[in-house]
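S.K.: Next up is a structure, given as structure tokens.
What follows draws every value from the coordinates through simple rules; no lab data is involved. In this text, all values refer to a predicted model and were calculated from it rather than measured experimentally. Cβ placement follows ideal geometry from the backbone for every residue including glycine, while neighbour counts extend to all protein chains displayed.
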Amino acid sequence: MNNIKLITFDLDDTLWDIGPVIIKAELTTRKYIEEKVGAIDWGDMESFLNLRKDLVKEDPSLEWDIGKLRKEIFRIKLAPLASNQAELDKLTEDSYEYFLDKRHDIIFYDGAITALEELANLCDLGVLTNGNADIKKLGIDQYFKFSISSLDVKSNKPELGHFEQALRLSNLDPNEVLHIGDHQVADMIGATDAGFSALWFNNKQSNWEQDISKPNEILDWHNYQTIKEVL
Ligand SMILES: [Mg+2]
């Protein structure tokens, strides 16, 4: 496996913990909206998830266009409070921009930046994300040759879109690429199906639950040197 010329990285839950960030972004955005238009009935988690499901059923592109999905949800909640279409459009856009800003308010895992710095000196790096984090906005774009989102390839990992696009952009064969990510299916099954080498970022020390054999794993970014050994 000493043939690796490109390492692709997942972002959310691989370079930072995204759960608390999204919850905080959601809550502060709701507050921001309510300060503008007054109280809104946001419903509980179950109704939120059902609404998402219904919207995706109506428009399957929302599965991979999560920005549009979130805007649709804001639009539905804001619709009864806006006095006309233009106001609704503006409120929806403003709310989304506010959310997106807060969604980038992340804290990198310990050692992650050092690992990126060091690894970028050894080979090319790329991003394969199902989310909508912007590496430029996060100030880490200098480490990466490219960043591929679900919106770019109109599909989500583990489908092959991200992986195939990485090969096109880098002009490499699958066996020359290593993918690192936290998700057993999206990242590890996806990368394996694509013929990439796979390294599992398993900082939560989860049990491996897939049918394929467990990939090599790292438990934190202080151990990124172990990545060097597979290059
Ligand atoms: Mg992830």
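S.K.: Could you please report the charge total around Asp59, scoring K, R as +1 and D, E as -1 over all other residues with beta-carbon less than 14 angstrom from its beta-carbon?
M.R.: Net of charged neighbours comes to +3.
S.K.: Relative contact order for the chain: what is it in percent, counting Cα pairs under 8 Å that are at least 6 residues apart?
M.R.: It comes to 27 percent, rounded to a whole number.
S.K.: Compute the separation of the alpha-carbon centres of the stretch 35-75 and the stretch 142-215 and state it in Å as a whole number.
M.R.: Cα centroid to Cα centroid, the span is 28 Å.
S.K.: Would you mind checking the tilt of helix 85-103 against the longest principal axis of the Cα atoms of the chain, expressed as 0 to 90 degrees and rounded to 10?
M.R.: 40 degrees
S.K.: Okay, next question. At 7 Å along the Cα-to-beta-carbon direction for both Lys24 and Asp101, put a label point, then send me their distance in nm to one decimal.
M.R.: 1.6 nm
S.K.: GNM, the chain, Cα, under 10 Å: largest mean-square fluctuation among Trp42, Trp200, Trp64?
M.R.: Maximum fluctuation in the GNM of the chain, among the listed residues, is at Trp42.
S.K.: Which of rounded, prolate or oblate describes the stretch 19-103 when judged by the alpha-carbon gyration tensor and an a/c cut-off of 1.5?
M.R.: Rounded shape, in that the Cα axes give a/c under 1.5.
S.K.: Which of Leu51, Leu62 comes first, and how do the rest follow, when ranked by fewest Cβ neighbours within 10 Å?
M.R.: Neighbour counts put them in this order, fewest first: Leu51, Leu62.
S.K.: Given Cα pairs under 8 Å that are at least 6 residues apart, what percent is the relative contact order of the stretch 149-231?
M.R.: Relative contact order, the stretch 149-231: 22 percent.
S.K.: Take the Cβ-Cβ distance between Leu49 and Ser206 as r, set R0 to 22 Å, and report the resulting FRET efficiency rounded to the nearest 0.05. Spell out each step's value before the answer.
M.R.: Values: r = 23 Å, r/R0 = 1.03.
That pair, Leu49 with Ser206, gives E of 0.45.
S.K.: Select from Gln85, Gln165, Gln205 the residue whose mean-square fluctuation is largest in a Gaussian network model of the chain (Cα-Cα springs shorter than 10 Å).
M.R.: Result: Gln85 has the largest fluctuation of those listed.
S.K.: Treating the beta-carbon of each Lys and Arg as +1 and of each Asp and Glu as -1, no other charges, what is the dipole magnitude of the stretch 19-103 about its Cα centre, to the nearest 20 debye?
M.R.: On the way: 15 positive and 18 negative charges, 43 e Å.
So the dipole magnitude of the stretch 19-103 works out to roughly 200 debye.
S.K.: Please report, in cubic angstrom per residue, the volume enclosed by the convex hull of the alpha-carbon atoms of the chain.
M.R.: Numbers: hull volume 30.7 nm³, N = 231.
Expressed per residue, the convex hull around the Cα atoms of the chain is 133 Å³.
S.K.: Please give the net charge around Ala120, taking every other residue with its beta carbon less than 12 angstrom from that of Ala120, where Lys and Arg add +1 and Asp and Glu add -1.
M.R.: -3
S.K.: Give, rounded to the nearest 20 debye, the magnitude of the charge dipole that the chain has about its Cα centre when Lys and Arg contribute +1 at Cβ and Asp and Glu contribute -1 at Cβ.
M.R.: Taking the Cα centre of the chain as origin, the dipole is about 340 debye.
S.K.: Which shape class applies to the stretch 148-223: rounded if a/c is under 1.5, otherwise prolate when a/b exceeds b/c and oblate if not, where a ≥ b ≥ c are the square roots of the Cα gyration tensor eigenvalues?
M.R.: prolate
S.K.: A follow-up question, please. What does the helix-only formula give at 222 nm for the chain: each DSSP H stretch with n ≥ 4 adding -39500 (n - 2.57), the total divided by the residues, and the result rounded to the nearest 500 deg cm²/dmol? Show your work: numbers first, answer last.
M.R.: Values: 9 runs with 101 residues, N = 231.
About -13500 deg cm²/dmol.
S.K.: How high is the FRET efficiency between Ala86 and Ala120 when r is their beta carbon distance and R₀ equals 41 Å, given to the nearest 0.05?
M.R.: Values: r = 45 Å, r/R0 = 1.11.
So, using R0 = 41 Å, E works out to roughly 0.35.
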